[in-house]
Every structure is written in structure tokens, then in C-alpha cells.
Amino acid sequence: MHFHAIETKTFPLIKLPFDLITNILSFLIKHQNSKVHGSNLIFVNHLFAKAAIPFVWSHLYLKEPTQRNIFNILQTPPSNLMFNYQTLVKSVTICPVSISNMKSGGLLRTLELVQNFLPNISGLHVEDSLSFCHVCHVGKEATTEQVADLISKNHLDKLMLDSDHSAFNDDLLEIITKDSHLKFLSINGSNFTDDGVLNHIIPNLKNDLVEFSVGFGGMNPVSLTGNSVIALLEHCPNIRRMSLEGVNLNDSDFAVEDLPLSQLEHLRLGKACHQNFTTNGLFSLLSTCNKTLISLVLDLDHLSQSALQEIIIPLFQRQKLQEIHLVSESWAEWIAYYPRPRSEQEVKAKEAMWRWKLKAYWGLSADLINLVGLLGIDILLKEIVIRMFKN
């Protein structure tokens, strides 16, 4: 008896329609945390490069002073290149080496280059992690007016400002929001205050603002309070997404007889700076959007048995709410600090941190967990532990 090996053939990807290859690659190439995941696909072959490059270049990260190399390409005549790269770039993230006008780099110089060679971008993000090194620069320090003038020249839909530098303040918000139609605004930095939100953002972006973020994903602390949150929900009727991290929330902020009813569909509530933000404040905040909320991301600090039973479960039982995510930034920071335990003591330290952080779960009964409809709570905790020790 003779056995013949079954011959298998693979279908060559290059025979797929170009539109289909482009669609597949669009899911593989992601811009996250200033890194382009999947960009190695441009080196597979000429066809993949042609399909993938537009996605890789859609968001440009300018980590100074290496941005000079990128602008060399942008200054090259499109006839000498495969693409007109200037038209591919939709948004830019600037990570400045200085808040000055250095010839080799610096925020002002980079903003000038962006203005000259990328006048049609729709999104801009200034990600400043210099902190005390602001004074370590060569060149004249930037002023609020200089920064505002260069940013305002772009007709942006999305703007993210993340800096603790003195030039990033309420006056900057006044200038850049005037006569603009920003749909997405994110601010991080201790010089942005409630006054900037109440006096400039709300009056100037009242009907345009769709998404507002403060603190989340930022490098610098924030100074905003719950007063800004309530005012935004009340006076900006088209806001659908809001992210709050490190905001100075207090139950008293929401102790208003007639809280505004918003149209929020997505809310991310991270850590709050004030210890007087309790279950009562959380209930009041969520009551402003309980009829429209689709997704809720909630830090574990806000989770207790009463919050779960009185707030989360009733929300989850509503038809609109589709997903609840429980997160903990402190947990992520702890993992980052001890990525691989070097001793038994560090393993025990991690375990103690985990027990302290998630102790609210342990008081829950099986009936209560089943009522949520998520066997995932117990499974989730086990999964976290497994991943923790794998790291």
C-alpha cells in the first residue's frame, strides 16, 4: 500500500485585489503610544509597501531632533517619490526637546516646519515630558502668543496639549479656540484651570466639541475640578465622549438640585485627586448620562460593593449600556516598575499590591456576581494573576 502525501498549496497574497490587501493592512497597522505597530509590513514587498505606507504616514511622530530627517522627505518633490507624503499625513505628535526656537529642534521650530510643509493636517498633539529640563535649552524661551499663533494657523479638528510649561495656560486656550471648530480637545498641565474651560473652551467651542479629555494618557498633572465637568455637560450639547483622569472631583461638585442631562455615550473615569469623591458623587455624575451611556471605563478605586449593586448593575441592565471596563492605572504603573520580579520579596510585594488593590471584590457574593451577568470578574482576576507572574 502506497501513501501519497497530500500536496497543499498556499494562495499567494500578491494575487489578492489591491483594495483587499489595503483593507487587511489597515487593521494590522496601529499608532499607539508614539509607536507604529506593524510598520515592518512595508518591507515585505513592493505591493505591501504601496498599500501600507499611507497608514504608516497618516500619523507622524516628531521626536526631536530626528524630525529633521522626516522633513527632508517632505521637502522632496513628489515626482521623485512613490507617494506625495505631504498629503498622507493627517495628524502630528510633537515631542519637543525644548520649548524654545532652537535651530536644531525645539517646539517653535517644529511648529514652523509643520506649518510650512503640512498645512492640511487635521490633528496636532504636543507631548511635553521635559519637566525641569525646560530651563536646559539653547534659544529664546517660547511665549504663549508664539505657540498660539503657530497652532492657530492650522485648521484643526483635533488638538491635544500636554505640557506643564508656563506658555501652556488659559490664555493659550483663549487664542486657539477663538474662531476654531475643534471637535476633539485634550488638555494636560497644571496651568490649565477651570477658568480656561468656563471662559474660553465653552463659549468658543460650545456647539462643535464632540470629545473632551483631561489627564488621560498625559504626562503632566491637571488642575481642573468637577465644576468644569458639570459646565461642559450643561453647555456643550454635542459632547459624546469624555475622559477624566486626575481631576479634582468632589461630591459637592455634583450636589446640584437640577444636574444637566447630557448626551454622553462614552465615559472614562480614572483616578480622582480628591478623597471626598465617593459613591454619592459617582452616582450623581452617571445620572447625567444614564439614558445615553453606551460604554463606561471605570477605575477600580471607584468600585465597591455598594457602587456595584446600586450603580453599575442598574446601568448594565439598561438597554443602551453595552460594555463596562474596569481598569487600574496604579496597577499598570506597579507592573512597569517591577516588570520581572528579581526575588521572592518582590513577588510577595506584587501579590500584596494586588490584594490591596482588588480587595473590594472579595466581599461580593456569588449571587451578586451572577446578577452582573459576568462570570468574568473571577476569571478576570485569575487572568490578571497569571499574566502578572508570566511577566
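Here are some notes:
- Computed over the stretch 170-316, the ratio Rg/Rh where both radii use C-alpha atoms and Rh is Kirkwood: 0.95
- Relative pair counts by distance (%), Cα atoms of the stretch 175-253, 5 Å bins: 3, 17, 29, 28, 18, 4, 1
- Taken over the stretch 259-310, the alpha-carbon convex hull comes to 86 cubic angstrom per residue.
- Probe 1.4 Å, all protein chains present, accessible-area order of Glu211, Glu145, Glu174, largest first: Glu145, Glu174, Glu211
- The calculated FRET efficiency for the pair Gln32 and Ser104, based on their C-beta separation and a Förster distance of 35 Å, comes to about 0.80.
- Projected onto its three principal axes, the C-alpha set of the stretch 106-243 covers 45, 32, 23 Å, listed from the longest axis down.
- Put a dot 7 Å past the Cα of Lys63, heading toward its Cβ, do the same for Gln263, and the two dots end up 4.0 nm apart.
- A full extension of the chain between Asn40 and Ser152 corresponds to an added length of 36.8 nm, given 0.36 nm per residue minus the alpha carbon distance.
- Once backbone amide H atoms are built at 1.01 Å from N, Tyr61 has Thr93 as its partners under 5 Å, excluding neighbours fewer than 5 places away on the same chain.
The values are calculated or read from the model by the stated rules, or taken from the named source; none is laboratory data. Just so it is clear, the structure is predicted and the values come from calculations on it, not from any experiment. For neighbour counting, all protein chains shown are included, and Cβ atoms are generated from backbone atoms with ideal geometry for every residue, glycine included. For accessibility, only protein heavy atoms count, side chains too; no ligands or nucleic acids. Shrake-Rupley method; radii C 1.70, N 1.55, O 1.52, S 1.80 Å.
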